[in-house]
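The next block holds one structure in the form of structure tokens; read it before the comments.
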Amino acid sequence: MDALYPRLLVTRFAECFRFYDAVLPELLGAVRQKGDESGPYANWDVADQGVLVLFDRAAMAAVVGAGALPPSAPPAQDAVMLVSRVADVDAALAHCLARGGTLAASAADRPEWGPGLRSAHLRDPEGTLIELQSY
């Protein structure tokens, strides 16, 4: 049974699918269980546990009666971030950027966050903030 996992509701399904399908196996050893870039659903697991689901935002809006609302809010600070612990922050960042991620903050040592902690931040094709960290 999956405990708790993120389900990203995206408007750019095909782009997000290609990004996560390219980076999750390398970063986490995740295996795609269902779906393809045509959507509206795809999921990846690690050791039979769900780690990420993509779902078309309009499809979910229709289910919950929010189809008439705008698909996005005005620019604001991030309300959610995906965090992945990796062996090599710089290599993981380069891997993600080469597959469609966009840089939010370069890799840097962050001793104020914890001993030996190094992190970098990027955005997926939909704009979701991702932190790569090692410590």
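The values are calculated or read from the model by the stated rules, or taken from the named source; none is laboratory data. Only a predicted model underlies this, so the values are computations on that prediction, with no experimental measurement involved. FYI the Cβ positions are ideal-geometry reconstructions off the backbone, even for glycines, and counts take in every protein chain you see. Only protein heavy atoms, including side chains, enter the accessible area calculation; ligands, DNA and RNA are left aside. Shrake-Rupley method; radii C 1.70, N 1.55, O 1.52, S 1.80 Å.
Descriptive notes on the structure:
- Total charge dipole magnitude, the range 79-128, about the Cα centre, Cβ charges on Lys, Arg, Asp, Glu only, Debye to nearest 20: 40 debye
- Options PRO70, PHE19, LEU54, ranked by Cα towards positive dipole end of the chain, top entry (Cβ charges): PRO70
- The chain - convex hull of alpha carbons, volume per residue in Å³: 123 Å³
- Couplings 3J(HN,Hα) for the range 124-129, derived from phi with the Karplus relation 6.51 cos²θ - 1.76 cosθ + 1.60 (θ = phi - 60°), are 6, x, 8, x, 5, 6 Hz, where x marks Gly and Pro.
- Heavy-atom surface of the chain, accessible at 1.4 Å and reported per residue (Å²): 58 Å²
- Placing +1 on the Cβ of every Lys and Arg and -1 on the Cβ of every Asp and Glu, with no other charges, gives the chain a dipole of roughly 200 debye about its Cα centre.
- Cα long-axis angle, helix 13-28 against the chain (0 to 90 degrees, to the nearest 10): 30 degrees
- Of the residues PHE17, PHE55, ranked by 1.4 Å probe accessible area with the largest first, the sequence reads PHE55, PHE17.
- Hydrodynamic radius by Kirkwood, which averages 1/r over all alpha carbon pairs of the range 80-123, in angstrom: 10.9 Å
- Solvent-accessible area of MET81 with every protein chain in place, 1.4 Å probe, in Å² to the nearest 10: 80 Å²
- Relative counts (whole %) of C-alpha pair distances in the range 61-135, using bins that are 10 Å wide: 18, 40, 24, 13, 4
- Extension gain (nm, one decimal) between ALA3 and ALA47, 0.36 nm per residue minus Cα-Cα: 14.6 nm
- Angle in degrees between helix 89-98 and the longest Cα principal axis of the chain, rounded to the nearest 10: 40 degrees
- Accessible area ranking (1.4 Å probe, heavy atoms, ligands and nucleic acids excluded), largest first, for ARG118, ARG7: ARG7, ARG118.
- For the range 24-101, diffusion coefficient by Stokes-Einstein and Kirkwood Rh (Cα), 25 °C, 0.890 mPa s, µm²/s: 163 µm²/s
- Legend: residues GLU15, GLU112, GLU126, GLU131, sorted from most to least accessible area (1.4 Å probe; ligands, DNA and RNA excluded), read GLU112, GLU15, GLU126, GLU131.
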